[in-house]
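The structure under discussion appears below in the form of structure tokens.
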Amino acid sequence: MDDTLPSILCVDDDVDVLDMLKEYFTEQGFVVLTATNGVEAFLQVKRWQPKAVILDLFMPRLGGIGALGRIKALNPDVVVLLVSGMANALELVTEAGLSVAGAFAKPLDLPRISETLARAGVVAPTGLVKGDGSQSRRPVRARVLVVDDELEFRKVLVEYLEDRGFDVMEAKSGEEALDRIPDFHPHIVLMDVMMAGMGGVEALRQIKTTAPDTCVIMVTAVEDIDSARGALALGASDYVTKPFSFQYLDSVLEVHMLMDHIDSKSA
């Protein structure tokens with residue numbers, strides 16, 4: 001991960017809350033990491049050293065207070081925001097001898113959380129913050145392989161990405177994707193998780209063996225989200241859940257192109 005990019009770790013055992021945080025802060029231009037329990041959160045902080053952590057107080061497998069204590073011991077300077085469904089969450093943390101930069105009750109006020117992060121010095125790079133939503137055509141700058149066995153969905157993605165200036169190739173299966181990679185050399189692979197024949201996870205394994213530097217982003221339906229998260233441990237760079245907006249896809253691609261130093265000269 002590029003240390004110049006601000007990263008945020010979002011920790012919550014509620015999948016809906018986690019996906020909401022991931023989508024919002026990705027669109028803001030942050031690299032967003034996720035964890036569903038305190039143990040995962042501690043390991044993510046140890047590995048990636050995020051600039052900030054948005055932490056649910058009550059979770060299985062090392063709850064928020066235990067995770068906060070270990071995270072602060074590992075990195076005292078990390079900005080931590082607490083989220084909880086309880087009004088006395090901040091008191092519980094204070095009684096434990098710990099401190100956070102802010103505490104927020106659910107349902108979450110995302111703009112307020114963003115403002116609190118900014119006051120703590122955690123801001124997205126201006127080049128990634130979306131302005132007027134302009135969809136102006138970009139120069140060709142990166143090769144994207146779209147892998148999905150759903151023809152209509154695949155064609156829509158291919159058309160959109162080509163219009164945005166990407167060099168795009170498509171594949172309808174994991175096997176076909178593996179055949180295309182040696183000649184096409186994609187910078188980014190958008191890989192559906194569930195496909196007929198070779199699925200996305202197995203295709204990911206083989207891509208990481210033959211082309212380990214390729215950025216693979218898993219595309220999944222909500223019911224497949226556990227498989228997509230498991231793919232992160234196998235080398236996937238990220239995952240997006242269907243349905244997603246084109247603006248969100250733009251943000252995800254923008255972040256990973258910056259992380260991998262892909263620009264208009266890469267095509």
Inset, instruction - Test LEU68 against the stated conditions and say whether it is modelled with pLDDT under 85 and either assigned to a helix (DSSP H, G or I) or open to solvent by 20 Å² or more (accessible area, probe 1.4 Å) (or both). - result: no
Legend entry - Failed criterion for GLN135 (all others in (1) open to solvent by 70 Å² or more (accessible area, probe 1.4 Å); (2) at pLDDT below 90; (3) more than 23 Å from the chain's Cα centre (by Cα) hold): (3)
Legend entry - Residue under evaluation ALA89, criteria (1) surrounded by 13 or more Cβ atoms within 10 Å (Cβ to Cβ); (2) at pLDDT 90 or above; (3) more than 21 Å from VAL31 (Cα to Cα), criterion not met: (2)
Legend entry - In the range 196-245, residue modelled with the lowest pLDDT [restricted to those that are farther than 23 Å from ALA41 by Cβ and assigned to a strand (DSSP E or B)]: ALA221
Inset, instruction - Considering (1) on the phi > 0 side of the Ramachandran plot; (2) modelled with pLDDT of 95 or more; (3) not charged (D, E, K, R), say which one GLY165 fails and leave the rest. - result: (2)
Inset, instruction - Specify the residue that is nearest to ASP167 (Cα to Cα); the eligible residues are those in the range 220-249 that are buried (at least 19 other Cβ atoms within 10 Å of the Cβ) and not hydroxyl-bearing (Ser, Thr, Tyr). - result: LEU249
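One line per residue, one yes/no per condition, for (1) open to solvent by 20 Å² or more (accessible area, probe 1.4 Å); (2) within 21 Å of LYS242 (Cα to Cα):
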| residue | (1), (2) |
| --- | --- |
| VAL15 | yes, yes |
| GLU27 | yes, yes |
| GLY38 | no, no |
| PHE42 | yes, no |
| LEU55 | no, no |
| MET59 | yes, no |
| LEU74 | yes, no |
Inset, instruction - Pull up the range 250-267, narrow it to residues that are assigned to a helix (DSSP H, G or I) and modelled with pLDDT under 60, then point me to the one that is least open to solvent (accessible area, probe 1.4 Å). - result: SER266
Inset, instruction - Scan the range 79-112 for residues that are in contact (Cβ under 8 Å) with a residue 60 or more places away in the chain and either more than 15 Å from LEU68 (Cβ to Cβ) or touching a Pro at 6+ places or on another chain (Cβ under 6 Å) (or both) and report the count. - result: 3
Legend entry - Enumeration of residues in the range 154-200 that are open to solvent by 40 Å² or more (accessible area, probe 1.4 Å) and of a type in the set (A, V, I, L, M): VAL156, MET169, MET194, ALA196
Inset, instruction - Check off (1) out of contact with any helix residue (DSSP H, G or I) (no Cβ under 7 Å at 6 or more places or on another chain); (2) at negative phi; (3) of a type outside the set (Phe, Trp, Tyr) for LYS46 and give me the number that stays unchecked. - result: (1)
Inset, instruction - For the range 44-53, enumerate the residues that are surrounded by 22 or more Cβ atoms within 10 Å (Cβ to Cβ), free of Cβ contacts under 8 Å to residues at least 60 places away in the same chain and not β-branched (Val, Ile, Thr). - result: PRO50
Legend entry - THR26 vs. criteria in a helix (DSSP H, G or I), closer than 24 Å to ARG119 by Cβ and in contact (Cβ under 8 Å) with a residue 40 or more places away in the chain: yes
Legend entry - Close pairs from the range 1-17: first at pLDDT 90 or above, partner aromatic (Phe, Trp, Tyr), Cβ under 8 Å, at least 6 apart: ILE8/PHE25; ILE8/PHE30; LEU9/TRP48; CYS10/PHE25
Legend entry - Selected residue (criterion: nearest to SER7 (Cα to Cα)) from residues of the range 76-107 that are assigned to a loop (DSSP other than H, G, I, E, B) and in contact with a Phe, Trp or Tyr (Cβ under 8 Å, 6 or more places away or on another chain): GLY85
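The values are calculated or read from the model by the stated rules, or taken from the named source; none is laboratory data. Keep in mind the model is a prediction, meaning the values are calculated, not measured. As a convention, Cβ positions derive from the backbone with ideal geometry for all residues, glycine included, and neighbour counts pool all protein chains shown. Accessible surface is based on the protein model in full, side chains and every heavy atom, while ligands, DNA and RNA are left aside. Shrake-Rupley method; radii C 1.70, N 1.55, O 1.52, S 1.80 Å.
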